[in-house]
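For reference, the structure is listed below as structure tokens.
Only the coordinates and a few stated rules stand behind these numbers; no lab work does. Note that this is a predicted model, so its numbers are computed, not measured. For neighbour counting, all protein chains shown are included, and Cβ atoms are generated from backbone atoms with ideal geometry for every residue, glycine included.
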Amino acid sequence: MIEITVDCVLDFAAKTGEGAIWSAADQMLYWVDIPAGLFCRFDPETGANTVWDMQRPIGCFALKQNGGAVVALTDGFFDFDFASEDLSLIINTEADITTNRFNDGTVDMRGRLLAGTMSIAGPDQSAPPQGTLYCLEADRTVKTIMDGFQVVNGLAFSPDGKTVYVSDSAPWIQTIWAYDYDLDDGAWSNKRLFFDCASIPGRPDGGSMDSGGCYWMAGVSGWELVRITPEGKVDMEIEMPIEKPTRIAFGGTNFDTLYVTSIGPHGITPGTENQQPQAGGLFALKIPGIQGFEFPCYQG
């Protein structure tokens, strides 16, 4: 385990902080608190955190090339205008399923938004999996990529956009897979095991990629961040001051700051509160020689 200085840059006590994306355009970090339905914008220069209340859980989002964002709420994909705070429905992908919500998401190099659903009640080993992975195309149509997930998580693309990663973070699954990805039509193929997280303390939560092509996993319940090489080997474990880190975003002018969201006091192991008084906060760290790259915008 490598010891790196980790700073809490925003002590927020989020219920489930998630979805962090760095905006190179305005040098801000956007992130969400899923069950609280809060969409946030953090300014590292001033420490200010602007909050928009979506009035229902927000699983993930994508910043749009022409301004604003697409947000994935319990009742579908919506356009969101930061200035007017207007929400406009694009499509409700699961209008007939009221027990699901969106969870993790990412954007491919052609500007498609990929986002997965899960049961609001959480994973249940005794019940059929309810999660489905969808793609919101640039023309604003939606196609189903695959189903059969308990908790869709860990979505990330290799720097060349030709390999896509996805995980299921249910405790009895906790596995990350890799697929070949066709940038022209968004097709997934050649599924293979990338990493079985049973060998490390944390389960796979949000995923991110560095410029060297290594996959970064937020090790929820494991007090750590994990760097995995393209060959599926752990080459770095970073100790965190919170039990449940949830998502990593590379930010800053040179994309060399790792911002990490986390789960707050309601979701941590009882009795550990004094060990992690800033659980639910937003954290930042730098690791010598490690940097990311610019996150794509949704092109629709």
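Summary of computed values
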quantity	calculated
Segment LYS143-GLU273, extension gain: residue separation times 0.36 nm, minus the distance between their alpha carbons	42.6 nm
Charge sum, other residues only, whose C-beta stays under 15 Å from ASP160's C-beta, Lys/Arg counted +1 and Asp/Glu -1	-4
Contour excess over end-to-end distance, with Cα ends at LEU89 and ALA13 and 0.36 nm allotted per residue	24.4 nm
Over the chain, relative contact order from alpha-carbon pairs under 8 Å, at least 6 apart, %	20 percent
At R0 = 22 Å, FRET efficiency that the Cβ-Cβ distance of LYS191 and ARG56 yields, to 0.05	0.10
Integer Hz, Karplus 6.51/-1.76/1.60 couplings in order for the range 293-298, x for Gly and Pro	8, 5, 7, x, 9, 5
Chymotrypsin sites (Phe, Trp or Tyr not before Pro) within the range 253-300, DSSP loop, no more than 16 other Cβ atoms inside 10 Å	PHE293
Sites SER199 and GLN125 - FRET efficiency at Förster radius 22 Å, r taken between beta-carbons, to 0.05	0.60
Taking SER208, SER126 and counting other C-beta atoms within 10 Å, the order from fewest to most	SER126, SER208
Amide H contacts of CYS60 (H built 1.01 Å from N, under 5 Å, at least 5 apart or other chain)	ALA72
Packing-based exposure ordering (other Cβ within 10 Å, fewest first) of SER189, SER119, SER169	SER189, SER119, SER169
Cut-off under 5 Å, modelled amide H: who pairs with VAL151 long-range	SER169, ALA170
For the range 253-258, Karplus couplings with θ = phi - 60° (6.51, -1.76, 1.60), whole Hz, Gly/Pro x	4, 9, 6, 10, 9, 8
Residue-by-residue Karplus 3J(HN,Hα) for the range 159-174, coefficients 6.51, -1.76, 1.60, Hz, glycine and proline x	x, 8, x, 9, 10, 10, 10, 8, 10, 10, 8, 4, x, 8, 10, 5
Amide H partners (placed H, <5 Å) of VAL220, local residues excluded	ARG203, ASP205
Cα→Cβ-extended label distance, 7 Å offset, between ASP43 and CYS135, nm	3.8 nm
